[in-house]
């Protein structure tokens, strides 16, 4: 597999999924995408990997005791396709089930630059996080920290500028639906959002 010294980690790397387990006996593996539309996974043949912080259902001691094989920092993908709610992929140097199993839990990153171009009225979540949110009166409502997928539409999680460090989410956040009825403008170069939303909402 690729030597860590030979890999240049992209400055714009974005986490797009996690490897769940091996798939079949010929080195395939399953990936859980972090988006309902996994196009970002299909847009690049270079997937960068980092180990999971901890494997689900196991304590840190159990993870250390297992001494997993070193994780390759880069996978050169040879195929990737949707299979239900997961993506099934194969890669160079992952030749069998044992090699694929050693990837279990790995976090998958790709370069933001390789994402497919979004439509004019579409935006990647990663591009919205960190934007300053202002209302029509010019008042700062806060900063986008995350988005929630509700099924019907996405909701912006906006941290209030005056929120205390130890404030609960209810105290610290505004939830603003990311729909045309409330979002007037998304200015990515200017790192700001303009919304129709009151300070007292």
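The values are calculated or read from the model by the stated rules, or taken from the named source; none is laboratory data. On a predicted model such as this, the values are computed, not experimentally measured, just so you know. Because the Cβ atoms are built from the backbone with ideal geometry, glycine has one as well, and the counts that use them run over all protein chains shown.
Matching residues to (1) part of a loop (DSSP other than H, G, I, E, B); (2) modelled with pLDDT of 70 or more; (3) surrounded by fewer than 17 Cβ atoms within 10 Å (Cβ to Cβ):
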| position | (1), (2), (3) |
| --- | --- |
| 1 | yes, no, no |
| 9 | yes, yes, yes |
| 15 | no, yes, yes |
| 22 | no, yes, no |
| 41 | no, yes, no |
| 55 | yes, no, yes |
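Residue-level analysis places residue 158 among those that are more than 14 Å from residue 188 (Cα to Cα), surrounded by 16 or more Cβ atoms within 10 Å (Cβ to Cβ) and modelled with pLDDT of 95 or more. The condition of being at pLDDT 95 or above, surrounded by 13 or more Cβ atoms within 10 Å (Cβ to Cβ) and touching a helix residue (DSSP H, G or I) at 6+ places or on another chain (Cβ under 9 Å) holds for only one of 175, 140, 147, 193, that being 193. I'd like to check something: does the range 96-113 contain any residue that is surrounded by 13 or more Cβ atoms within 10 Å (Cβ to Cβ), over 26 Å from residue 157 (Cβ atoms) and at pLDDT below 95? Within the range 96-113 (the criterion being surrounded by 13 or more Cβ atoms within 10 Å (Cβ to Cβ), over 26 Å from residue 157 (Cβ atoms) and at pLDDT below 95), the answer is no, since none of the residues qualifies.
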